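Right, one structure below, let's go through it.
The values are calculated or read from the model by the stated rules, or taken from the named source; none is laboratory data. Keep in mind it's a predicted model, so treat the numbers as computed, not measured. Reconstructed Cβ throughout: ideal geometry from the backbone, glycine too, with neighbour counts over all protein chains shown. With ligands, DNA and RNA removed, areas are computed over all heavy atoms of the protein, side chains included. Shrake-Rupley method; radii C 1.70, N 1.55, O 1.52, S 1.80 Å.
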Amino acid sequence: MPDHAIPDRPPSSVDRTPAAVGEARHVVIVGAGFGGLACAQALAGSEVRVTVVDRRNHHLFQPLLYQVATAALSPADIASPIRSILSRAANIDVVMGEVRAMDHAERRVLLADGGHIPYDTLVLATGSVYNYFGHDEWARHAPGLKSIRDARRLRARLLRSFEEAESCAVSGRRSALLTTVIVGGGPTGVEMAGAVAELARFTLRRDFRRIDSHEARIILVEAGPRLLAALSPESSDYAATSLHRLGVEVRLGAKVTDVSEGAVTIDGAQVEAATLIWAAGIRALEPASLGFDVDRAGRIEVADDLSVPGLADVFALGDAASFRQDDGPLPALAQVARQQGTHLGQALLAGTTRPFRYVSRGDTAVIGRHAAVFETGRWRLRGRFAWFLWALVHIYLLIGFEKRLQVGLKWLWRYATFERGARLIDEEEPATRSGLGHSLPDGEQRGRRLGTARESMDGD
Ligand SMILES: Cc1cc2nc3c(=O)[nH]c(=O)nc-3n(C[C@H](O)[C@H](O)[C@H](O)COP(=O)(O)OP(=O)(O)OC[C@H]3O[C@@H](n4cnc5c(N)ncnc54)[C@H](O)[C@@H]3O)c2cc1C
């Protein structure tokens, strides 16, 4: 075979199941996010044979992704190899692979590389993607935050815009470079807006000579009447006031009607912005929704024991599942996914399923330094103490002592110094850099710059 020859893909009959251990029941868990991992951990060390399949080799702590995107943490701080998390459980095998389809008649999942894995019980915990509400073409210009790659690209885009603004003499273009628009006023949007504002106001003020950090414009757009709609109106008001204080423009009841390269149309008016971030709504990932009854967001409808009606021994949980409790479907939250994973794992261990009930341990969102909301039962905390609790809870939820220590120390350091150490532009540099296009007309130069940034982001 010549050196450059690509070997044949494995034939579709390849069985990727790790070596069988006796006749033990085989549980296949697709997705090692919060839900899938909790389910696997509940089955660890048991007689049940478990295979965890994930297309990534790492478990990702998504709630802190925005901190990677705003240079407060490094990717490795919030990701842990799935194999090492599960290495002590001899009954669990890990397969890195992407599930493309399911063959329920033959009881097997089909992988993108042509292999398949047979199952006795199937658990779908494949998470979600952002919902562009029928405008998937907007994803290219206003990416969401779902993976380390997304966070690194966003960080590069933000930092590169600041770099270009530093050497840009044309005020209209400079203000577009310094404008960030975030769509969606839920916890992710609020946290992101606060973090970008702090990055622009405090950190850049020290290190850049020509940018006036007050020129940085951060706009948070929410279609509903208030931010953080899942929390109390008092917390929504507090979040809006805290963001105003940081200089964020909060637009409530505002509608995004178009998104293009470097521009967004809000309530009919176009705003030029080098950085657009999507944080509005989710829908289930494709394979999870193939052939299942799904809700409006494409999430698989499940029964009260998390089973998929009409399919024996198939379960879904976390963001991929639509689980109704009391008034409506449960929100897409890490704690929902974890509780469901643990519940299902224990039920599979006991050999009998039982109804699941979600118990909220509290809802929280951080807005900035000393500003956070934390609601649990009748307790509604806001401000410094809520911020402290938020930090403690997130450190506790990270996997592994080393990560907890690392993140705890980084936060302490940042708290004391305002420093954001992970300010790396580690994406390929665009061909047009500041200076190169100075002789071009303003519009053309801007188009080229933003266009090149887009190519570089897409090509990673
Ligand atoms: C930016 C951001 C901030 C958030 N902040 C908070 C917060 O503050 N508090 C909170 O409670 N929740 C928060 N969430 C929501 C929370 O992260 C999710 O609800 C939670 O991750 C859902 O867990 P899951 O196990 O269902 O899916 P995920 O954690 O998304 O895991 C899904 C896994 O499935 C794998 N996978 C997907 N498709 C396939 C396939 N076809 N084949 C193989 N593997 C596949 C993925 O690689 C992934 O590892 C946030 C989410 C985001 C994106």
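Among (1) closer than 21 Å to THR265 by Cβ; (2) surrounded by 21 or more Cβ atoms within 10 Å (Cβ to Cβ), there is one condition THR126 misses while meeting the rest; what is its number?
Failing condition for THR126: (1).
Please pick out the residue among LEU344, LEU311, LEU290 that is under 30 Å from GLU106 (Cα atoms), at pLDDT 95 or above and of a type in the set (A, V, I, L, M).
Selected residue: LEU344, the only one of LEU344, LEU311, LEU290 that is under 30 Å from GLU106 (Cα atoms), at pLDDT 95 or above and of a type in the set (A, V, I, L, M).
Hey, any hits in region 27-42 for a residue that's open to solvent by 40 Å² or more (accessible area, probe 1.4 Å) and modelled with pLDDT under 95?
No.
Would you point out which residue out of ALA273, ALA279 is within 11 Å of the ligand (Cβ to nearest atom) and either open to solvent by 30 Å² or more (accessible area, probe 1.4 Å) or in contact (Cβ under 8 Å) with a residue 12 or more places away in the chain (or both)?
ALA279
Of all the strands (runs of 3 or more DSSP E) wholly in region 24-126, which have at least 2 residues that are small (Gly, Ala, Ser)? First the steps, then the outcome.
Numbers: elements: 26-30, 49-54, 58-60, 79-81, 92-96, 99-103, 108-111, 116-118, 121-124.
Output list reads 79-81.
Going by what's in this entry, would ARG296 be described as under 30 Å from SER322 (Cβ atoms) and either in a strand (DSSP E or B) or within 14 Å of the ligand (Cβ to nearest atom) (or both)?
Criteria not met by ARG296.
Name, by its number, the condition in (1) more than 11 Å from the ligand (Cβ to nearest atom); (2) buried (at least 21 other Cβ atoms within 10 Å of the Cβ); (3) in contact (Cβ under 8 Å) with a residue 40 or more places away in the chain that does not hold for PHE374.
Result: PHE374 fails condition (3) only.
Specify which of the listed residues (LEU381, LEU344) is in contact with a Cys (Cβ under 8 Å, 6 or more places away or on another chain) and not polar (S, T, N, Q).
Going through LEU381, LEU344 in turn, the sole match is LEU344.
How do the pairs read when you match residues in region 396-419 that are under 23 Å from ARG338 (Cα atoms) with residues anywhere that are in a helix (DSSP H, G or I) and open to solvent by 50 Å² or more (accessible area, probe 1.4 Å), using Cβ under 6 Å and keeping only pairs 6 or more apart or on different chains?
Taking only residues 6 or more apart or on different chains, the pairs are LEU398/ARG404.
Out of all the residues in region 49-57, is one or more more than 8 Å from the ligand (Cβ to nearest atom), more than 28 Å from LEU154 (Cβ to Cβ) and open to solvent by 10 Å² or more (accessible area, probe 1.4 Å)?
The first filter runs over region 49-57 and keeps only residues more than 8 Å from the ligand (Cβ to nearest atom), leaving 49-52, 57.
From what's left, more than 28 Å from LEU154 (Cβ to Cβ): 49-52.
Remaining after also requiring open to solvent by 10 Å² or more (accessible area, probe 1.4 Å): 49.
Yes; the residues of region 49-57 include at least one that is more than 8 Å from the ligand (Cβ to nearest atom), more than 28 Å from LEU154 (Cβ to Cβ) and open to solvent by 10 Å² or more (accessible area, probe 1.4 Å).
Tell me the residue from ARG100, ARG157 that is modelled with pLDDT under 95, open to solvent by 10 Å² or more (accessible area, probe 1.4 Å) and not assigned by TED's automatic domain parsing to the domain that holds CYS39, please.
Answer to the selection: ARG157.
Mind listing just one residue for me: the one in region 314-339 that is among the aliphatic types (A, V, I, L, M) and in a loop (DSSP other than H, G, I, E, B) and, of those, least open to solvent (accessible area, probe 1.4 Å)?
Once the filter is applied, the top-ranked residue is LEU317.
Going residue by residue through region 357-366, is there one that turns out to be open to solvent by less than 60 Å² (accessible area, probe 1.4 Å) and farther than 29 Å from ASP237 by Cβ?
no
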